[in-house]
1. Are there any helices (runs of 4 or more DSSP H) wholly within segment 256-350 with 1 or more residues that are buried (at least 23 other Cβ atoms within 10 Å of the Cβ), modelled with pLDDT of 90 or more and assigned by TED's automatic domain parsing to the domain that holds residue 367, and if so which?
2. Quick check, is residue 143 modelled with pLDDT of 80 or more and in a helix (DSSP H, G or I)?
3. Does segment 76-89 include one or more residues that are at pLDDT 90 or above, within 20 Å of residue 151 (Cα to Cα) and in a loop (DSSP other than H, G, I, E, B)?
4. Which one of 154, 174 is part of a helix (DSSP H, G or I), modelled with pLDDT under 80 and surrounded by 19 or more Cβ atoms within 10 Å (Cβ to Cβ)?
5. With respect to residue 162, is the statement that it is within 23 Å of residue 57 (Cα to Cα), assigned by TED's automatic domain parsing to the domain that holds residue 31 and either modelled with pLDDT under 85 or in contact with a helix residue (DSSP H, G or I) (Cβ under 8 Å, 6 or more places away or on another chain) (or both) true?
6. Can residue 75 be described as more than 25 Å from the chain's Cα centre (by Cα), surrounded by fewer than 22 Cβ atoms within 10 Å (Cβ to Cβ) and either farther than 22 Å from residue 43 by Cα or not assigned by TED's automatic domain parsing to the domain that holds residue 42 (or both)?
7. Scanning for something on the phi < 0 side of the Ramachandran plot, in a loop (DSSP other than H, G, I, E, B) and buried (at least 17 other Cβ atoms within 10 Å of the Cβ), does segment 100-123 turn up at least one residue?
């Protein structure tokens, strides 16, 4: 963690004048050395950091790529290389060229990887595997070579170096908020991203029809929503259930029967129904607001007090929505969207505290929203037999830990990333699919990646 803080301070000194994120182009990076250092920060390579050799002067970088990458007569605008000499394959390179020379650059990097693997094959199989999993990434006029253990973190570091990855003070958003943007309790001062219309769908007419048993006044759309919700309740809820049991049954139903509408980040053209109960209940897909409003409607019809919270994620860069449920007079938080990826019964955001949500990259209007602090119905407090064999993974973040919450957010959003992996020796190493929370909907520091990967990988 000291390494991260030192890096953060160094970056503040390295970066030029600050401008707002909206003013910066998403393919405009700060400089090659900064991007390389950001990539390095996320790799958790601290046991190797002292062995790294740097090429930072443009003339040195040009000589290196001529000698090692066999790339001649391709003018560089900027470049930086960090590598370990000897019998170790680790190498990061960030290079800026004219876009007309990008194809030549990526081809040279691909050929270099082939030759580099030959340096280790048969002698150092672990290092050969690193090269085998290496990536060449491109974005605009920038190319990056990544030979390291944690390719996902390296990709995220590369992305963080561009205009859309910096906060208003010029610090990579992935490294965390400016201290001036934090409340005394360590939470981010909430500012609505206001990227999307997050007005919850009005279900009052549907609920009135449910209570009266008369749906004649409903629109065709609302009648379909009501009938779909009735079917779910008939399937999941019985009169003898407690409020908690009703909540759990409906939450599991959503995880089994609804998928995230990936058109949201693939084309940014998800239909409005995906933001409404209609999407999850009728179409079987939705975005975060659709999940949240569908869950609230089901809970309202089941007679359990529930509310939809509209807030933000990704350090306030994206809109998000989730729920709060009141059980025995106390509030609990639940995020059916982010839990949808786990499959039925494997929940990380089910009946957790407000602090848990804040520690896992949720931001909201704290002062005008109930604070969830209850423990009786939290998942981690349920006996294994009650939990149905569920795996509970909860962690306690320190103040500094929150700085890195954008990492897992990036994993969810990577499908819509402008980064293009030009080549990877293994297809599985190419930028992963999202975490089904969408661009509007997150989270973790690199030092935790290995420790929790078995619990959070999908």
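1. Qualifying helices (runs of 4 or more DSSP H): 288-301, 336-339.
2. When the stated conditions are applied, residue 143 does not pass them.
3. Among the residues of segment 76-89, at least one is at pLDDT 90 or above, within 20 Å of residue 151 (Cα to Cα) and in a loop (DSSP other than H, G, I, E, B), which makes the answer yes.
4. 174
5. yes
6. Yes; evaluated as a whole, the condition is true for this residue.
7. no
The values are calculated or read from the model by the stated rules, or taken from the named source; none is laboratory data. It should be emphasised that the depicted structure is a prediction, and the values quoted were computed from it without experimental measurement. Note that we place each Cβ from the backbone using ideal geometry, even for glycine, and neighbour counts take in every protein chain shown.
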